[in-house]
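Written out below as structure tokens is the structure these notes cover.
The values are calculated or read from the model by the stated rules, or taken from the named source; none is laboratory data. The structure displayed is predicted, hence computed values, not measured ones. Cβ atoms come from the backbone with ideal geometry, glycine included; neighbour counts cover every protein chain shown. When the accessible area is computed, the model is the full protein with side chains, heavy atoms only, and any ligands, DNA or RNA have been set aside. Shrake-Rupley method; radii C 1.70, N 1.55, O 1.52, S 1.80 Å.
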Amino acid sequence: MTVNTLHWIDGDTPNSGFCRMVEQTLLPTEFVELDVKTVPAMVDAIWRLAVRGAPAIGVAAGYGMLLGVQGQEGRDREDLMGFLRETAATLAKARPTAVNLFWALDRMVARAQADFDAGADSTALVAGQFEEAKAIHSEDADQCREMGRLGADLIQDGWTILTHCNAGALATGGMGTALAPMYTAHEQGKKIAVYADETRPLLQGARLTTWELMQAGIDVTLITDNMAAQVMKEGRIDAVIVGSDRIARNGDVCNKIGTYGVAVLAKHHGIPFYVVAPRSTIDVEVASGDEIPIEERPDYEITEGYGKRTAPEGAKVYAPAFDVTPAALVTAIVTEAGVVHAPDTEKILAVMAR
Ligand code: MRU
């Protein structure tokens, strides 16, 4: 899979440049790249879902910090540290659920603190931020490959897999999370097919997953979310594979709204339910899924999605963007550091310690 979801374009001077990203709100009808050059523009891009998917949001957060710090070398170093923390706090407001956003911002601030403690001047502090943001991106790409390799071992030749939302290259700085094992299995010559849930209301499955898999030459069939039960009952699905925005310490998995329903259906039909996510998506600070903040999106994304009004003016709407699948419904979580079967707190802490 070759789509380059986001990357840093270096400027003419050291520690300068901007972030170029695929404007995902326009896919699949238009492939347009967006140049993001300021911190408010990055917050807006994340909130609008121009860049989306937990790992890609983490990479974007690192680049957002660079947009903030570049040109700040002239500041006093104490002052620069304060400015950096403020920039991180601004970026942290973009979206609440995907923990990769906060993970990446914490990592950027921790790098600055370590450089500061080692006596770095402001120029070196800014240079350190550039190194760290680029490392977050390249490590994400490596982790996707590794999850692809480990996850592909779970996929049998001839399998048909159901996925929800988009957890592919468009959602990461690499080849994807949930889609990575499918790409790898396909490369290995296994014959696989995919059913992609449309993923109401913002249609990441229809617009993005279907587009990505068709580009890669993988057999993909689009269904609306409410067709999943029937498709499973007809015996068409061998496994469900999804990504995640935040995994709690006990193995509860938060992902795009509708995932929980798919997991319940998979359990009923005896179909394995796999989650593929890097350890940067595991939040050991939250004991269970109940503590994960669930983003609520504006009502117009449901009542006037993509330009057509589909509900009466003034209709009352509730629009949670994510839900939580209890660990008991999860067959295994595939991370870059290993596969956690039947996840629980002990196993999650063990994979985090690797
Ligand atoms: O609202 P989105 O499109 O950012 O939601 C994305 C998802 O729910 C993905 O499944 C998740 O982030 C995993 S992406 C590798």
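Remarks
- Among the residues of the range 44-58, just one is of a type in the set (K, R) and near the ligand (Cβ under 7 Å from one of its atoms), namely R52.
- Filter result for the condition that a residue is touching a residue at least 24 places away in the same chain (Cβ under 8 Å), over 15 Å from H164 (Cβ atoms) and either away from the ligand (no atom under 14 Å from the Cβ) or surrounded by fewer than 18 Cβ atoms within 10 Å (Cβ to Cβ) (or both), over I302, I292: I302
- Contacts under 7 angstrom Cβ, first residue in the range 52-81 being within 21 Å of P40 (Cβ to Cβ) and of a type in the set (D, E, K, R), partner at pLDDT 95 or above and within 16 Å of the ligand (Cβ to nearest atom), 6 or more apart: R52/Q24; R52/A171
- If you go through the range 307-320 and keep only what is touching a helix residue (DSSP H, G or I) at 6+ places or on another chain (Cβ under 9 Å) and either in contact (Cβ under 8 Å) with a residue 40 or more places away in the chain or surrounded by 11 or more Cβ atoms within 10 Å (Cβ to Cβ) (or both), you end up with R309, T310, A311, A315, V317, A319.
- Taken residue by residue, the range 114-135 has no member that is touching a Leu at 6+ places or on another chain (Cβ under 9 Å), within 16 Å of the ligand (Cβ to nearest atom) and modelled with pLDDT of 95 or more.
- Residue within the range 191-204 that is touching a residue at least 40 places away in the same chain (Cβ under 8 Å), open to solvent by 10 Å² or more (accessible area, probe 1.4 Å) and part of a helix (DSSP H, G or I) present: no
- L154 vs. criteria more than 16 Å from the ligand (Cβ to nearest atom) and part of a helix (DSSP H, G or I): no
- K267 surrounded by 13 or more Cβ atoms within 10 Å (Cβ to Cβ) and not in a strand (DSSP E or B): yes
- Filtered by the rule that a residue be within 16 Å of the ligand (Cβ to nearest atom) and either open to solvent by 50 Å² or more (accessible area, probe 1.4 Å) or part of a loop (DSSP other than H, G, I, E, B) (or both), the range 226-250 gives G243, S244, D245.
- Which numbered condition D323 misses (of (1) more than 23 Å from G53 (Cα to Cα); (2) of a type outside the set (A, V, I, L, M); (3) part of a strand (DSSP E or B)): (1)
- Boolean, A45 is outside the structural domain of I247 (by TED's automatic domain parsing), open to solvent by less than 20 Å² (accessible area, probe 1.4 Å) and modelled with pLDDT of 95 or more: yes
- Residues being in contact (Cβ under 8 Å) with a residue 40 or more places away in the chain and open to solvent by less than 50 Å² (accessible area, probe 1.4 Å) - total across the range 127-144: 10
- Output for the range 5-25, where each listed residue is open to solvent by 60 Å² or more (accessible area, probe 1.4 Å) and out of contact with any Asp or Glu (no Cβ under 9 Å at 6 or more places or on another chain): D10, D12, T13, P14
- Residue in the range 39-47 that is over 27 Å from P201 (Cα atoms) and touching a residue at least 24 places away in the same chain (Cβ under 8 Å) present: yes
- Conditions (1) surrounded by fewer than 22 Cβ atoms within 10 Å (Cβ to Cβ); (2) part of a helix (DSSP H, G or I); (3) in the same structural domain as V264 (by TED's automatic domain parsing): number failed by A124: (3)
- A single member of T224, T209 is touching a strand residue (DSSP E or B) at 6+ places or on another chain (Cβ under 6 Å) and not acidic (D, E), and it is T209.
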